[in-house]
Amino acid sequence: MKVIIVGAGEVGYNIADVLSREGHGVTMIDQDELKLQEIAEKLDVLTVHGSGSSPQVLRKAGLDGADMIIAVTNSDDTNMVACLLASSQSNVGYKVARIRNAELNGTSVIFDKNHLNIDLCINPEREAVKNALNLIEFPGATEIIDFVDGRIKLIGFSVGPDSQVIGKTLRELRLLYPRTKVLVTSIIRKEKILAPTGDTSMQGGDYVFAVSASDELREMLRIYGKSGEALKKVLIMGGGNTGFMLAEALEARGLSTKIIEKRSGRCEDLAAMLEKVTVLHGDGTNQELLQEENIQNTDCFIAVTDDEEANILGALLAKRLGAKKSIALINRVEYMPLVSTVGIDGVINPRHAAVSKILNYIRKGKIVSATPLHDERVEAYEVVALETADITDRPIKDVKFPPGTIVGAIIRREEIMIPDGDSVIRPEDHVIIFTLRSTIPKLEKMLTVKLDYFE
């Protein structure tokens with residue numbers, strides 16, 4: 001597949017990284033020539049210097065032969081024009097745009113086939129808010145990803161040094177808690193990925209990914225010593241789009257909310273738009289300000305500025321000063337493994353959501369979602385099992401999955417099953433699968449319908 005990516009920022013770079021590693025032809029467009037030079041040295045992609053809203057630049061990037069255009073600059077206007085040009089001047093099959101305007105979403109009439117004809121609108125800020133609300137609802141989790149419209153949740157968390165599960169094997173834990181439907185899908189131990197078996201024993205410091213039905217999640221967190229009281233008082237650092245949408249959502253839920261913003265003009269706007277939220281003018285990394293606002297009585301501090309380093313610093317400082325939970329918005333993959341080790345309780349990664357939605361267009365088979373996890377060496381899939389595919393109509397233990405692949409859940413109509421080796425996947429089942437990125441091509445072949453099905 002030939003893909004044009006407009007915008008070489010954090011989102012664009014990481015999408016290019018994923019797609020180029022999988023053998024897709026990628027061309028990146030950006031107005032920052034130095035940034036393009038750096039990308040060309042790191043990734044196997046072509047680069048074109050210029051504006052993504054220029055017909056000439058798009059033609060130079062190979063618009064006529066492209067299968068997909070992904071416009072993810074910080075300008076909604078540029079992204080929309082790039083997709084409009086792709087629709088009107090070429091036969092590009094898929095058009096994806098990053099739209100940051102909180103008043104617009106994928107269902108807006110302006111994006112339909114009779115207008116801009118954009119297939120997918122991505123709003124990383126909106127996804128960040130959903131992620132933050134999940135972390136507030138389940139205080140013990142560091143990462144939470146929804147599947148099957150939220151009925152299944154995948155969570156990431158670290159095993160503390162005093163957890164009751166340490167030293168116990170996964171088989172022993174299943175016997176101790178037979179009524180709790182939980183499947184540990186992967187463990188990151190000392191930066192190495194382990195594909196767990198029943199004989200795998202838990203160790204302090206393990207970073208665990210586990211899947212569970214949503215209504216069982218609290219009990220699972222309790223078992224692993226990660227449960228916490230419901231959060232009531234929240235302090236948000238950063239009054240941009242993400243901070244505003246998060247404050248608006250928390251206000252609607254009746255939570256006591258404060259928001260800190262550096263820009264005085266933006267503070268005035270926020271105060272006018274948010275009726276019950278306290279808006280503070282200042283720096284969220286200022287220790288005196290946090291102490292004046294009684295940070296020690298705050299249930300959750302959430303840093304969502306555009307500066308990742310400031311988010312990390314603010315979250316660490318708030319935690320040290322007594323906040324019960326601290327969450328930081330982080331886009332960079334290399335920061336992810338550090339978060340739980342330095343004391344930050346939760347991570348919001350809007351880029352993961354953006355990459356996930358785009359991967360759905362790229363992946364083969366009937367895939368509902370594909371989400372990179374943690375440091376992106378592992379992916380989680382939600383797929384619809386197809387008739388005659390290799391994964392259907394036989395026990396899971398007899399399916400020759402690639403090494404490191406685990407079936408985390410099977411959803412058959414209203415029934416949710418956490419499977420074992422004897423479980424059988426039927427056609428039309430929704431299946432949650434976890435696999436190493438290196439094995440994705442082999443797994444994709446197993447998910448597709450065989451040619452003899454059409455004979």
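Per-residue answers, yes or no, for (1) among the charged types (D, E, K, R); (2) in contact with a strand residue (DSSP E or B) (Cβ under 7 Å, 6 or more places away or on another chain); (3) at pLDDT below 95:
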| site | (1), (2), (3) |
| --- | --- |
| Val279 | no, yes, no |
| Gly314 | no, yes, no |
| Leu359 | no, yes, yes |
| Val383 | no, yes, yes |
| Asp390 | yes, no, yes |
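Residues that are in a loop (DSSP other than H, G, I, E, B) and touching a Gly at 6+ places or on another chain (Cβ under 8 Å) do not occur anywhere in the stretch 146-158. Going by what's in this entry, would Gly204 be described as assigned to a loop (DSSP other than H, G, I, E, B), small (Gly, Ala, Ser) and touching a Pro at 6+ places or on another chain (Cβ under 6 Å)? Against the criterion (assigned to a loop (DSSP other than H, G, I, E, B), small (Gly, Ala, Ser) and touching a Pro at 6+ places or on another chain (Cβ under 6 Å)), Gly204 qualifies. Would you say Lys226 is touching a Gly at 6+ places or on another chain (Cβ under 9 Å) and without any contact (Cβ under 8 Å) to a residue 60 or more places away in the chain? Criteria not met by Lys226. Scanning the stretch 306-330 for residues that are buried (at least 24 other Cβ atoms within 10 Å of the Cβ), touching a residue at least 60 places away in the same chain (Cβ under 8 Å) and not in a helix (DSSP H, G or I) yields Ala323, Ile327, Leu329. Could you tell me whether the stretch 252-267 includes any residue that is part of a helix (DSSP H, G or I) and crowded, with 16+ Cβ neighbours inside 10 Å? Yes: one or more hits. Here Asp206 passes the criteria (1) closer than 23 Å to Lys319 by Cβ; (2) open to solvent by 10 Å² or more (accessible area, probe 1.4 Å); (3) among the charged types (D, E, K, R) except the one numbered (2).
Listed by position, the strands (runs of 3 or more DSSP E) inside the stretch 405-447 whose residues that are β-branched (Val, Ile, Thr) number at least 3 are 406-412, 430-436. What is the residue count in the stretch 56-86 for residues that are polar (S, T, N, Q) and more than 15 Å from Asn123 (Cβ to Cβ)? Residues meeting the conditions: 2. Candidates in the stretch 282-305 are the residues that are out of contact with any helix residue (DSSP H, G or I) (no Cβ under 8 Å at 6 or more places or on another chain) and of a type in the set (Asp, Glu); of these, the one that is nearest to Leu255 (Cα to Cα) is Asp299. The residue that is modelled with the highest pLDDT, among those in the stretch 159-192 that are among the hydroxyl-bearing types (Ser, Thr, Tyr) and in a strand (DSSP E or B), is Thr169. A Cβ distance below 9 Å, combined with a sequence gap of six or more or placement on separate chains, defines the contacts here; from the stretch 277-303, residues that are without any contact (Cβ under 8 Å) to a residue 12 or more places away in the chain reach residues that are open to solvent by less than 10 Å² (accessible area, probe 1.4 Å) and part of a strand (DSSP E or B) in the pairs Asn286/Ile260.
For the stretch 430-444, indicate whether the set of residues that are at pLDDT 85 or above and open to solvent by 40 Å² or more (accessible area, probe 1.4 Å) is non-empty. Looking through the stretch 430-444, at least one residue is at pLDDT 85 or above and open to solvent by 40 Å² or more (accessible area, probe 1.4 Å). Lys397 satisfies every condition listed in (1) open to solvent by 30 Å² or more (accessible area, probe 1.4 Å); (2) assigned to a loop (DSSP other than H, G, I, E, B) except (2). For the stretch 147-162, a residue qualifies if it is touching a residue at least 24 places away in the same chain (Cβ under 8 Å) and either closer than 14 Å to Ala213 by Cβ or open to solvent by 20 Å² or more (accessible area, probe 1.4 Å) (or both), and the qualifying residues are Phe147, Val148, Gly150, Arg151, Ile152, Lys153, Leu154, Ile155, Ser158, Gly160, Pro161, Asp162.
Residue pairs whose Cβ atoms lie under 8 Å apart, sitting 6 or more positions apart in sequence or on different chains, and linking a residue in the stretch 333-352 that is of a type in the set (D, E, K, R) and open to solvent by 10 Å² or more (accessible area, probe 1.4 Å) to a partner that is part of a strand (DSSP E or B) and modelled with pLDDT of 75 or more, are Asp345/Lys325; Asp345/Ser326; Asp345/Ile327. Taking Ser201, is it at pLDDT below 85, open to solvent by 30 Å² or more (accessible area, probe 1.4 Å) and not acidic (Asp, Glu)? Spelling it out, it is not the case that Ser201 is at pLDDT below 85, open to solvent by 30 Å² or more (accessible area, probe 1.4 Å) and not acidic (Asp, Glu). The single condition from (1) closer than 24 Å to Pro139 by Cβ; (2) of a type in the set (D, E, K, R); (3) modelled with pLDDT of 90 or more that Asp345 fails is (3). When the stretch 410-427 is filtered for residues that are out of contact with any Asp or Glu (no Cβ under 8 Å at 6 or more places or on another chain) and modelled with pLDDT of 90 or more, the ones remaining, listed by number, are Asp422, Ser423.
Restricting the stretch 218-233 to residues that are open to solvent by less than 50 Å² (accessible area, probe 1.4 Å) and over 22 Å from the mean Cα position of the chain (by Cα) leaves a set whose member that is modelled with the lowest pLDDT is Gly228. Taking the criterion of being over 17 Å from Val304 (Cα atoms) and either among the polar types (S, T, N, Q) or in contact with a helix residue (DSSP H, G or I) (Cβ under 7 Å, 6 or more places away or on another chain) (or both), the residues of the stretch 115-143 that qualify are His115, Leu116, Asn117, Ile118, Leu120, Cys121, Ile122, Phe138, Gly140, Ala141.
The values are calculated or read from the model by the stated rules, or taken from the named source; none is laboratory data. Computed from a prediction, not measured in an experiment: that's the story for all the values here. So basically every Cβ, Gly included, is an ideal-geometry build from the backbone, and we count neighbours across all protein chains shown. We work out accessible area using only protein heavy atoms, side chains counted, and drop any ligands, DNA or RNA first. Shrake-Rupley method; radii C 1.70, N 1.55, O 1.52, S 1.80 Å.
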